[in-house]
1. Given the conditions (1) closer than 30 Å to residue 253 by Cβ; (2) modelled with pLDDT of 95 or more; (3) in a loop (DSSP other than H, G, I, E, B), and given that residue 34 satisfies all but one, which numbered condition is not satisfied?
2. Any residue in the stretch 197-224 that is without any contact (Cβ under 8 Å) to a residue 60 or more places away in the chain and assigned to a loop (DSSP other than H, G, I, E, B) sitting within a Cβ distance under 8 Å of a residue that is surrounded by fewer than 21 Cβ atoms within 10 Å (Cβ to Cβ) and among the small types (Gly, Ala, Ser)? List the pairs, counting only those 6 or more apart or interchain.
3. Sort out which residues of the stretch 63-76 are more than 15 Å from ligand 2 (Cβ to nearest atom) and in contact with a Lys or Arg (Cβ under 9 Å, 6 or more places away or on another chain), and write them in order of number.
4. Being within 16 Å of ligand 1 (Cβ to nearest atom) and crowded, with 23+ Cβ neighbours inside 10 Å is the filter; apply it to the stretch 249-263 and report the residue that is farthest from residue 227 (Cα to Cα).
5. With respect to residue 21, determine if the residue is more than 16 Å from ligand 1 (Cβ to nearest atom) and touching a Lys or Arg at 6+ places or on another chain (Cβ under 7 Å).
6. Counting only residues that are assigned to a strand (DSSP E or B) and away from ligand 2 (no atom under 12 Å from the Cβ), which one in the stretch 85-108 is surrounded by the fewest Cβ atoms within 10 Å (Cβ to Cβ)?
7. If I ask for residues that are in contact (Cβ under 8 Å) with a residue 40 or more places away in the chain and of a type in the set (S, T, N, Q), which ones from the stretch 118-172 would you list?
Amino acid sequence: MVVASPSPIRTEKIRDIELPIIDLLAERSQVSKLLVKACEEFGFFKLINHGIPDDTIKKMEEESFEFFAKPALEKQQAGPADPYGYGSKNIGFNGDRGEVEYLLLRTDTLSISHKSKTISNDPNKFSFAVIGYIESIRNLACEILDLMAEGLWVPNTSVFSRLIRDVDSDSLLRLNHYPPFNPKNDGDRLATSFHHQIGFGEHTDPQILTILRSNGIEGLQISLEEGVWVPVSPHPTAAFCVNVGDLLQAMTNGRFLSVRHRAVVNSCKSRMSMAYFGAPSPRARISCLPNLVATQKPPLYRSFTWAEFKKATYSQQLKESRLNLFKMINDDQNGE
Ligand SMILES: C=C1C[C@]23C[C@@]1(O)CC[C@H]2[C@@]12CC[C@H](O)[C@@](C)(C(=O)O1)[C@H]2[C@@H]3C(=O)O
Ligand SMILES: O=C(O)CCC(=O)C(=O)O
Ligand SMILES: [Fe+2]
């Protein structure tokens, strides 16, 4: 028998914190300092004056809305999400569920052109919009990563961006749609449990960097302290919210934080988000940067390939802390 677990929302605290807003048009060394500070303190920030043309964003959003407005059977033509394709309510392969439907796409041109035939009645229009959006977002991600490297005084400032510029980069685009959910109007027996107001359960993003755009409806929350959730208010002009992924935390030897976040469902408005996850090639080896290691700060994680990390990610539930599997075991911790 399935028993609804008691609602955890009553034991959670919601706190209001304003995330840093970073203006990419400000003076370069100032921007890189602010980026480093934001990644160390929050792992998240909002971005303004990012330079992505409105039209590129608009075209992508229109395609996304059009797709989610289709009848379920048509959307399923793009699926199942194994892991690329269309999914609804089931997330990943380990029993996670949420009030969300989504489309997960690889970001290489060939795969988008191919997949678009199963997604849209006008595949050329769809692939044109997606390829244009991905190209702009990838360039933006690289620009941010180079600035971060400058702020960290890393000798080779393309140390992060070269990973996602790789032709074999495993970057992803995820389109999420959270239909409005009002438990009172839902006949589902479990509907009154808090579980069903969760659109996308708490997790960290495994990749290097995530660039998220939402349709101005609130729902994203971050947790800097266990049990305390901070809603990220949609910024009227900040088109993007950026966050550090697990790989960047590992490469910066824990200086940057890959922070837990989740998406909750709005009771009357439909929410849509588009997340670009910048990832390296499966063969890429991830190790912490030498200039961030010192006698007092030994490496926190062992070196690993993205293929290894991804395998661990997909074998676990959303909420698991995957980086823990790669922690160095040092003698102090063994009490020796
Ligand atoms: C339950 C899962 C879904 C996920 C793979 C995983 O096993 C654990 C991490 C999940 C996550 C979170 C961030 C991204 O949305 C995502 C695409 C990713 O790379 O890791 C998802 C995975 C997914 O939905 O397939
Ligand atoms: O929809 C959102 O705001 C967050 C989605 C998310 O965290 C993800 O897709 O990994
Ligand atoms: Fe996420």
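1. Residue 34 satisfies every listed condition except (3).
2. Listed pairs, sorted by first residue: 217/270; 218/233.
3. The answer is 63, 67.
4. The qualifying residue farthest from residue 227 (Cα to Cα) is 250.
5. On the way: more than 16 Å from ligand 1 (Cβ to nearest atom): yes; touching a Lys or Arg at 6+ places or on another chain (Cβ under 7 Å): yes.
Spelling it out, residue 21 is indeed more than 16 Å from ligand 1 (Cβ to nearest atom) and touching a Lys or Arg at 6+ places or on another chain (Cβ under 7 Å).
6. Of the residues in the stretch 85-108, the ones assigned to a strand (DSSP E or B) are 85-91, 96-106.
In the following step, the residues that additionally are away from ligand 2 (no atom under 12 Å from the Cβ) were identified as 85-86, 88-90, 97, 105-106.
Details: 85: 19, 86: 23, 88: 18, 89: 12, 90: 14, 97: 15, 105: 20, 106: 18.
Once the filter is applied, the top-ranked residue is 89.
7. 118, 120, 136, 169, 171
Results for (1) hydrophobic (A, V, I, L, M, F, W, C); (2) surrounded by 13 or more Cβ atoms within 10 Å (Cβ to Cβ); (3) more than 15 Å from ligand 3 (Cβ to nearest atom), shown as yes or no for each residue.
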position	(1), (2), (3)
239	yes, yes, yes
247	yes, yes, no
268	yes, no, yes
275	yes, yes, no
305	no, yes, yes
308	no, yes, yes
324	no, no, yes
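The values are calculated or read from the model by the stated rules, or taken from the named source; none is laboratory data. Predicted model, so just to flag it, every value in this text is computed and none were measured. Methodologically, a virtual Cβ is constructed for each residue, glycine included, from the backbone with ideal geometry; neighbour enumeration extends over all protein chains shown.
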